[in-house]
Amino acid sequence: MSEGSLTPLQIEKKTFGRKFRGYDRAQVDAFLAAAAKEMDRLLNRIRALEVSEKGLTSEVERFRGMETTLKEALLLAQRTADETRALAHQQADHILNETRARCASMQTESEQSLASLRTEIERLRIDRDNLVVQLKSLVDDFAAKLGKLAPTSEAAVRMEIDGDAPVGAVASRDAAVES
C-alpha cells in the first residue's frame, strides 16, 4: 500500500496480526477510528479548499480580464484626451490665425478709409480756400461797384467784411445805398 492511497475506510478496517504481548486491541481500534475520522475530516477540508481555490482562481482570472479591460479603457481614454487636447489646440490656432487675418484686413481697410478721408478733407480744404478766394473776389467786386456809388460806403463794407464795422455803419450804408 502506497502512502498517497490510504483512505479513512482502509484505516478503519485495518486489522493486525496477533502476537504475544502485543498492543491493546481496544486502544489500537480506538486510535485507528479516531485517525480515520480525522483523516476523513482533513480530506473533506482539502476538497473544500480545492473547490474554493478553483473558484478563487477563476475569480482571479476574471479580475485579470477586468484589469486588462480597464487598462485598455484607460489607455483609450488617455489617447482620446490627448487627441481632443491636440484638436482643441489646432482649432484655437486656426481661430487665432483667422482672427489675426481679419484684424489685419480690418486694419488695412481702416488705413485705406483714413487715407481716403484725409484726401477728402484736403480736397474740402482746397475747395473752401477756393470759395473764400471767390467770395473775397465777389466782395471786392461788389465793394468796387458800391465804391462807385458811394466812396465812403466802400470802407464801411470792407470793415464789415473784416469784422471791424461799427454797428451803425451797416445801417447808414444801407440807407445810403437805398437813396
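Quick one: which of ALA77, ALA92, ALA26 is modelled with pLDDT under 95 and of a type in the set (A, V, I, L, M, F, W, C)?
ALA26
Is at least one residue of the stretch 147-163 at pLDDT below 85, over 60 Å from the mean Cα position of the chain (by Cα), surrounded by fewer than 11 Cβ atoms within 10 Å (Cβ to Cβ) and outside any helix (DSSP H, G or I)?
Yes.
Quickly run through the stretch 42-90 and pick out the residues that are within 30 Å of LEU6 (Cβ to Cβ) and of a type in the set (Val, Ile, Thr).
Within the stretch 42-90, ILE46, VAL51, THR57 qualify.
Among the numbered criteria (1) at pLDDT below 85; (2) part of a helix (DSSP H, G or I); (3) not polar (S, T, N, Q), which one does PHE16 miss?
The single condition PHE16 does not satisfy is (2).
Report, by residue number, each residue of the stretch 25-47 that is loosely packed, with under 10 Cβ neighbours inside 10 Å and in contact with a helix residue (DSSP H, G or I) (Cβ under 9 Å, 6 or more places away or on another chain).
none
Among the candidates VAL132, VAL60, VAL139, which residue alone is touching a helix residue (DSSP H, G or I) at 6+ places or on another chain (Cβ under 7 Å) and assigned to a helix (DSSP H, G or I)?
On inspection, the qualifying residue turns out to be VAL139.
The values are calculated or read from the model by the stated rules, or taken from the named source; none is laboratory data. No experiment lies behind these values; they were computed from the predicted model shown. Glycine also receives a Cβ, built like all others from the backbone with ideal geometry; neighbour counts cover every protein chain displayed.
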